[in-house]
1. Condition first: over 21 Å from the mean Cα position of the chain (by Cα) and among the hydroxyl-bearing types (Ser, Thr, Tyr). Now tell me which residues in the stretch 252-284 satisfy that.
2. How many of the residues making up the stretch 186-207 are outside any strand (DSSP E or B) and open to solvent by less than 30 Å² (accessible area, probe 1.4 Å)?
3. Residues Leu150, Leu128, Leu137: which one is part of a strand (DSSP E or B), among the hydrophobic types (A, V, I, L, M, F, W, C) and surrounded by fewer than 20 Cβ atoms within 10 Å (Cβ to Cβ)?
4. Could you go through the stretch 230-241 and let me know if any residue there is in contact with a Leu (Cβ under 6 Å, 6 or more places away or on another chain), within 16 Å of Ser117 (Cβ to Cβ) and not β-branched (Val, Ile, Thr).
5. For the stretch 162-175, give me each residue that is closer than 22 Å to Arg235 by Cβ and open to solvent by 20 Å² or more (accessible area, probe 1.4 Å).
6. Which one of Leu273, Leu168, Leu257 is on the phi < 0 side of the Ramachandran plot and without any contact (Cβ under 8 Å) to a residue 40 or more places away in the chain?
7. Could you check the stretch 243-284 and list, in sequence order, the residues that are part of a strand (DSSP E or B) and closer than 19 Å to Tyr125 by Cα?
8. Quick check: is even one residue across the stretch 258-269 open to solvent by less than 30 Å² (accessible area, probe 1.4 Å), at pLDDT below 95 and touching a Gly at 6+ places or on another chain (Cβ under 9 Å)?
Amino acid sequence: HDFKCLLAAGPTSIMARSFTALFSFALLLSVTKIIDSFKLTPGHHADHPSIVERRLGLGHASSGVPSGEISSSWTRREILDVLTTITGATLAVHPQKSLAYNGALSKDALSYNGVYSDPKHSKGYRVLIGDVVSAKLTLQDDPSGSVFNLPVKVDSKDGAVTRFAFDLSQKGGPANIAGELGRDKEGIPIISFPDGNAWKKRETGPIGVYWNGSDPKKVMVLRPVKPPQLAVEYRNNGAVTSTGSARAGGSAITFDLPDGKTQGVFSMRDKTLTFDDGVVWTKF
């Protein structure tokens, strides 16, 4: 597959890509030898779900391996798959796809992710989550209104998001309304629309979109309901997979999730949530 990528490279530097391919191959062999030197036995699990994921009922059943057990062959295969993916991304032929891959792992590129306020619907909310290619918008105009999940196209330049195209047709709005991404004097993201309206990512205290540093497509959303109550949503690739509630009391936050209660501490300085098991979730 790597050699096919090289042959399809066209006018780009074959020498540079060949060097990259040889380096990646050498790295793959080295890591394979390191992996083979480890002997993982049943009961030694390298990927325990965090306490928040357990409380939300999000274990690792999809892996096909019982909780707390993992075989050495399964571990090698999974790690080699990851390394192969990294090699493929390095040798990607299409610059835009490489940009999307790199951007999806860049916290700065995804800083627009968050909970926005709309002055035209002060009692509602807008949650925007995505990468440098596409996003999903969840909105509700008022507490008794319908909740809409809408597709969003994302334009980016040099890894930085610059513009959105919102499809509001599901709620009776335009199918392709442009929103320009900017920032106010405090550096807070603002999405400006042609009619003069603007959504601001004004997140008070713990309100916001968080990720645990492992996968930016798996996020936790904290949005206001009625102070000090918060709604909690765990999302994977934009889809809500589990919900709960939380109650804020200063920096301490009590989470009431499907599988039980847990405690978190919010740091205003670091924009982080630290849970009982030591796992830290960072706000975008």
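The values are calculated or read from the model by the stated rules, or taken from the named source; none is laboratory data. Here the structure is a predicted model, which is why all the values come from computation and not from measurement. Neighbour counts are summed over all protein chains in view; Cβ atoms, including those assigned to glycine, are modelled from backbone coordinates with ideal geometry. For the accessible areas, the whole protein counts, side chains as well, though only heavy atoms, and no ligand, DNA or RNA atoms are used. Shrake-Rupley method; radii C 1.70, N 1.55, O 1.52, S 1.80 Å.
1. Thr254, Thr262 - these are the residues of the stretch 252-284 that are over 21 Å from the mean Cα position of the chain (by Cα) and among the hydroxyl-bearing types (Ser, Thr, Tyr).
2. 7
3. Of Leu150, Leu128, Leu137, the one residue that is part of a strand (DSSP E or B), among the hydrophobic types (A, V, I, L, M, F, W, C) and surrounded by fewer than 20 Cβ atoms within 10 Å (Cβ to Cβ) is Leu150.
4. yes
5. Passing the criteria: Ala165, Asp167, Leu168, Gln170, Lys171.
6. Details: Leu273 fails: without any contact (Cβ under 8 Å) to a residue 40 or more places away in the chain; Leu257 fails: without any contact (Cβ under 8 Å) to a residue 40 or more places away in the chain.
Leu168 is the lone residue from the list that is on the phi < 0 side of the Ramachandran plot and without any contact (Cβ under 8 Å) to a residue 40 or more places away in the chain.
7. Thr243, Gly244, Ser245, Ala246, Arg247, Ala248, Lys283, listed by residue number.
8. Looking for residues that are open to solvent by less than 30 Å² (accessible area, probe 1.4 Å), at pLDDT below 95 and touching a Gly at 6+ places or on another chain (Cβ under 9 Å), one finds none in the stretch 258-269, hence no.
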